[in-house]
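This report refers to the structure that appears directly beneath it.
The values are calculated or read from the model by the stated rules, or taken from the named source; none is laboratory data. Computed from a predicted model, the values in this text were never measured in an experiment. Cβ coordinates were reconstructed from backbone atoms using ideal geometry, including for glycine residues, and neighbour counts include every protein chain displayed. Just so you know, the surface numbers come from the protein's heavy atoms only, side chains and all, with ligands and any DNA or RNA stripped out. Shrake-Rupley method; radii C 1.70, N 1.55, O 1.52, S 1.80 Å.
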Amino acid sequence: MSDETATASAGDTLTVRDNRTGTEYDVPILDGTVRAADLGKIRVAEDEPGLAVYDPGFVNTASCRSAVTFIDGDEGVLEYRGYPIEQLAENSDYLEVAYLLIHGHLPSRDEYEAWVHEITYHTFVHENVKTFMQGFRYDAHPMGMLLASVGGLSTFYPEGRNISDPDNRHMQMVRLIAKMPTLGAFAFRHAQGKPYVYPDNELSYTANFLAMLFKMSERKFVADERLIKALEVLFILHADHEQNCSTNAVRSVGSSQVDPYSAVAAGIGALFGPLHGGANEAVLRMLRRIGTIDKIPEFIEGVKAGNEKLMGFGHRVYKNYDPRAKIIKKACDDVFEVTGVNPLLTIALELEKIALEDEYFVSRKLYPNVDFYSGLIYEALSFPPEMFTVLFAIPRTSGWLAQWSELVDDPEQKIARPKQIYTGDRTLEFEAREKRWT
Ligand code: SDX
């Protein structure tokens, strides 16, 4: 059995009897899991393949050991490096949380100041990146532009492929965290046919992002402090979420030892999907489609009939209220104090109230997730729905990189290459076209 058995206590085993052979196996249980490799030793004959585990979507499969983020889905708990998300959202800022995720501890004053300085002075991108982005059609989806430009950054920093050098890894992670807001803002301005706005290094990370998005002819654009604070909270809440679909994509692509730009581009692609990060955009379109409160019952019946999903509800892990949704709901009030209440909020609140009382949703433990309310804030901040997932990808970059860095340093990790259950034909005879096409 694997060398992990050395640390599992004697009682922590599974005795499996293979009724095909009558043989019994003691399989070690470690950290609530059994190793698939140990199950692979269960076979009918020496020259037969051993057992594998079939788990579409990895619903019940651990792919790695990680110390970055802890989630307790039943209790609605989320902690970054052991710190409860509520405390970080209340007391920290995004760059400090990004430092915590990547380095594993909160920074000292010197570490924080050095980190902020490094990120601030790497916000610019090569002019060729701007030219590249200007080549997109006027109506290009900003997530497609972000995906392509982040992947393209790997060609500007070829040294990023040297992933075994920690100092080099650090530099590439600084560049990615620093440049994501610039690329996101460029994509936003592109869609509006407005000139791209260069970073203002005198502003904080989120204030600079808002300036690159909304600055027009004024000499300096400084957003309302309440909006800057709300965006800091949203960025903190979206920074990481253990092995979600896009992090799994970053780890899977990263397991080939490719550079971090290419791995993060894969994460952006996964996040784009409507079941994942694209849900916040889908929520807003859903609320707009419902239109008025009296249409909610008919919409809910459609969901229960299986015609569509209630976007922004449900989660693979949370079978309780997503703690982030609670915090975002509170942030709505702060933002609406500046922008005025988003009229769709009334529909969202009523939809949530009805769903939380309806057996269909209660029995499936479907609660609002992080995407249910975030779209309302983004719309109130004058972002079009296409930008919502970009606003998710920017902060999630620090989580993706923390997980990627952990993967690179993990001696247990190998290139991702799952098995399959083959269902196709076998050993067919190829027939020449002349015969086949008669
Ligand atoms: C994010 O993984 C992460 O951590 C992701 C994320 C992060 O920070 O990275 O938290 C961010 O992606 C949040 C999720 C955003 N997506 C949505 O809001 C889209 C709507 N939600 C669903 O598509 C769904 O809930 C998932 C994809 C989020 C989770 O799906 P699961 O765990 O695979 O559950 P499932 O699809 O097997 O559903 C179980 C049952 C099914 O009903 P039955 O077949 O048993 O009758 O619940 C139903 C589903 O049909 N169901 C829903 C539903 N979500 C699940 N029914 C109606 N509306 C929904 N939203």
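Details
- When residues of region 75-129 are limited to those that are charged (D, E, K, R) and free of Cβ contacts under 8 Å to residues at least 12 places away in the same chain, the one farthest from residue 234 (Cα to Cα): 127
- Failed condition for residue 341, given (1) among the β-branched types (Val, Ile, Thr); (2) part of a helix (DSSP H, G or I); (3) away from the ligand (no atom under 11 Å from the Cβ): (2)
- Subset tally (residues that are without any contact (Cβ under 8 Å) to a residue 60 or more places away in the chain, within 11 Å of the ligand (Cβ to nearest atom) and either among the polar types (S, T, N, Q) or under 28 Å from residue 160 (Cβ atoms) (or both)) for region 354-409: 1
- Annotation note: of 67, 45, 52, the sole residue that is open to solvent by less than 70 Å² (accessible area, probe 1.4 Å), part of a loop (DSSP other than H, G, I, E, B) and at pLDDT below 95 is 45.
- Criterion (modelled with pLDDT of 90 or more and surrounded by fewer than 10 Cβ atoms within 10 Å (Cβ to Cβ)) met by exactly one of 431, 386, 406: 431
Conditions (1) more than 22 Å from the chain's Cα centre (by Cα); (2) in the same structural domain as residue 228 (by TED's automatic domain parsing); (3) aliphatic (A, V, I, L, M), marked per residue:
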| residue | (1), (2), (3) |
| --- | --- |
| 388 | no, no, no |
| 391 | no, no, yes |
| 394 | no, no, yes |
| 405 | no, no, no |
| 409 | no, no, no |
| 415 | no, no, yes |
| 435 | yes, no, no |
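- Within region 242-289, the residues that satisfy the criterion of being open to solvent by 10 Å² or more (accessible area, probe 1.4 Å) and near the ligand (Cβ under 10 Å from one of its atoms) are 242, 243, 244, 245, 248, 270, 273, 274, 275, 276, 282.
- Helices (runs of 4 or more DSSP H) contained entirely in region 119-216, each with at least 1 residues that are at pLDDT below 95: 166-192
Yes/no matrix, rows are residues, columns are (1) of a type in the set (Phe, Trp, Tyr); (2) within 21 Å of residue 238 (Cβ to Cβ); (3) within 10 Å of the ligand (Cβ to nearest atom):
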site	(1), (2), (3)
305	no, no, no
316	no, yes, yes
324	no, yes, yes
345	no, yes, no
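- Within region 328-366, considering residues that are closer than 22 Å to residue 73 by Cβ and acidic (Asp, Glu), the one least open to solvent (accessible area, probe 1.4 Å): 352
- Region 49-71 residues that are away from the ligand (no atom under 12 Å from the Cβ), paired with ones that are small (Gly, Ala, Ser) (beta carbon under 6 Å, 6 or more apart): 50/40; 53/36; 68/402
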